[in-house]
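In what follows, a structure is listed as structure tokens, so that the remarks can point back to it.
The values are calculated or read from the model by the stated rules, or taken from the named source; none is laboratory data. Just so it is clear, the model here is predicted, and its values are computed rather than measured. Quick reminder, even Gly has a Cβ in these numbers, built from the backbone with ideal geometry, and neighbours come from all protein chains shown. For the accessible areas, the whole protein counts, side chains as well, though only heavy atoms, and no ligand, DNA or RNA atoms are used. Shrake-Rupley method; radii C 1.70, N 1.55, O 1.52, S 1.80 Å.
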Amino acid sequence: MARLRRNGTGIHREAHGQGSAILLTHGFGATSRMWDEQIEEFTDRHRLILWDLPGHGESAAPAKAVSQASLVADMAGILDGEQADRAVLIGLGIGGTLSLRFWRAYPERVRGLVLIGTMPGLRSSAARHLWNGQVGELASAMDRDGLDTLEGGAEVDPRLHAHPLDLAIAARALLTQSDDGALPYLAEIDVPALILVGSEDKPSLTAAEFMARTIPNARKIVVRRANHAANMHKPDAVNAAIRDFLGRLSR
């Protein structure tokens, strides 16, 4: 385990196993502990690099303002710290969104993408305005009531956050939508992509289908009876899909 000094604070990161690198990025309200089932499954042949987003888990909120662009730079710094030139990126929710942005910024460093319950962006300014209003309400409620307002599935465990008051800051930094996200360049992605979505993750099903149609070398799998954190609800099914995907990359 190690700390990466970025934006005036320490970002918690850890690495497990040996082999080709996989960088895993969790979703809002979760921590790197949501990947424990994948650590157990994949460290026989791969080096899994995990980190806690600012304000989450063991990472405190940054002293300086952050954005999705600065977090992408953090991801590059984490790979540099682990001496990993290229990696497969696996992300849940906002972690998947950041993985898409990372490909845009550093395409030469990405071997493949695994996107779980990911929304690639909002094209309509009206939709972004509505979304950002909801983000502001969530952050204000967290300022007022703390983790009692934190909602989510199996991946969200308030007990795992060392700095719970920082989550409101993280919500504003991570979730606010200021552009179209990855929508303008999905069709340009030139690495294989695996799109996983739980059958019960209703908000993400349409986005998963759109990405599967738009990303040239993409495969979509709907994980039956799984919600947003499909890798935790149905780890055997998700691990089998990821292992098959990684095997295809090696051919």
Counting only residues in segment 109-141 that are among the basic types (Lys, Arg) and within 20 Å of Ala173 (Cα to Cα), the one most open to solvent (accessible area, probe 1.4 Å) is identified as Arg123
**Item:** Boolean, Ser125 is under 28 Å from Leu205 (Cα atoms) and out of contact with any helix residue (DSSP H, G or I) (no Cβ under 7 Å at 6 or more places or on another chain)
**Value:** yes
Residues of segment 202-221 being among the charged types (D, E, K, R) and within 23 Å of Leu246 (Cβ to Cβ), in sequence order, are Arg219, Lys220
Counting only residues in segment 46-58 that are touching a helix residue (DSSP H, G or I) at 6+ places or on another chain (Cβ under 9 Å) and without any contact (Cβ under 8 Å) to a residue 60 or more places away in the chain, the one surrounded by the most Cβ atoms within 10 Å (Cβ to Cβ) is identified as Trp51
(1) assigned to a helix (DSSP H, G or I); (2) among the polar types (S, T, N, Q); (3) touching a residue at least 24 places away in the same chain (Cβ under 8 Å); (4) out of contact with any helix residue (DSSP H, G or I) (no Cβ under 6 Å at 6 or more places or on another chain) all hold for Ser178 apart from (1)
Considering segment 25-39, residues that are touching a strand residue (DSSP E or B) at 6+ places or on another chain (Cβ under 9 Å) and open to solvent by 10 Å² or more (accessible area, probe 1.4 Å), and then whichever is farthest from Gly96 (Cα to Cα), we arrive at Ile39
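Every residue, every condition in (1) modelled with pLDDT of 95 or more; (2) surrounded by 17 or more Cβ atoms within 10 Å (Cβ to Cβ), yes or no:
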site	(1), (2)
Glu151	no, no
Ala154	no, no
Asp157	no, no
His161	no, yes
Ala173	no, yes
Ser178	no, no
Leu186	yes, yes
Pro192	yes, yes
Ser199	yes, no
